[in-house]
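Colleague: Before I ask anything, let me first share the structure, which is written out below as C-alpha cells.
The values are calculated or read from the model by the stated rules, or taken from the named source; none is laboratory data. Here the structure is a predicted model, which means the values were calculated and not measured. When we count neighbours, we look across all protein chains shown, and the Cβ atoms used for this are built from the backbone with ideal geometry, even at glycine.
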Amino acid sequence: MQIQIRSLQHVGIPVTDIKRSEAFYQSLGFTNHMQAYFPYGEEDKGTCIMMQLGSITIELYEMPEPDNSEVRNRKNGHIDHIAFDVADIDDTYQTLKASGFIPIEPAPVKLDFWKNGCKYFNILGPDGERIEFNQIL
C-alpha cells in the first residue's frame with residue numbers, strides 16, 4: 001500500500017473548557033480559524049475549534065458531558081506534547097515567562113539531537129497538555 005502524506009494537518013486536543021483553552025492558545029498567537037459542532041450520541045453535540053498560527057493548526061474539542069469524564073479518562077493514543085519550532089529559544093523562554101507563563105524547566109534544556117543539538121522547554125496548557133518550544137541549533 002502506498003499513500004501520499006504531504007504534511008501534518010493538525011493535532012487534536014480534548015479539552016474540558018473550550019473557551020478557556022481558546023483564550024490560552026490565543027495568548028500564544030493562535031486565532032480561531034473556524035468553529036463547528038459535531039454530533040455526539042442521540043441528541044448531544046460537542047464543540048470543535050480549529051486554532052491557527054501560520055501553517056500550524058490545533059483542533060480543540062470539548063465533549064458535551066457535564067463533567068467531561070470521557071475526555072479526562074481517555075489515555076491511550078493521546079498526544080504527549082506539541083512542539084513548536086522557534087528561532088531563539090532563550091528569547092522565547094524569557095518572553096513567555098515575563099508574560100505570566102510558568103515553564104516546567106528552570107531554563108531551556110540542551111539535547112544532542114540533530115547536527116548541533118537542540119534546546120527546549122515546556123509549559124502546560126489548561127488541561128495539562130504539554131506545549132514544547134524547541135530550537136534546533
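Colleague: If the requirement is being surrounded by fewer than 16 Cβ atoms within 10 Å (Cβ to Cβ), at pLDDT below 80 and in a helix (DSSP H, G or I), which of these qualifies: GLU42, GLU70, GLU65?
Modeller: Answer to the check: GLU70.
Colleague: Determine whether LEU96 is at pLDDT 90 or above, assigned by TED's automatic domain parsing to the domain that holds GLU22, in contact with a strand residue (DSSP E or B) (Cβ under 8 Å, 6 or more places away or on another chain) and not aromatic (Phe, Trp, Tyr).
Modeller: No, not satisfied.
Colleague: Just one of ASP112, ASP127 is touching a residue at least 60 places away in the same chain (Cβ under 8 Å) and either surrounded by 12 or more Cβ atoms within 10 Å (Cβ to Cβ) or more than 19 Å from GLN26 (Cα to Cα) (or both); which is it?
Modeller: It is ASP127.
Colleague: In region 89-101, which residue that is touching a helix residue (DSSP H, G or I) at 6+ places or on another chain (Cβ under 9 Å) and of a type outside the set (Phe, Trp, Tyr) is surrounded by the fewest Cβ atoms within 10 Å (Cβ to Cβ)?
Modeller: The residue in question is GLY100.
Colleague: Tally time: how many residues in region 82-109 are farther than 25 Å from LEU60 by Cα and touching a residue at least 40 places away in the same chain (Cβ under 8 Å)?
Modeller: Of the residues in that region, 3 qualify.
Colleague: Within region 8-44, count every residue that is under 17 Å from the mean Cα position of the chain (by Cα) and in contact (Cβ under 8 Å) with a residue 24 or more places away in the chain.
Modeller: Of the residues in that region, 21 qualify.
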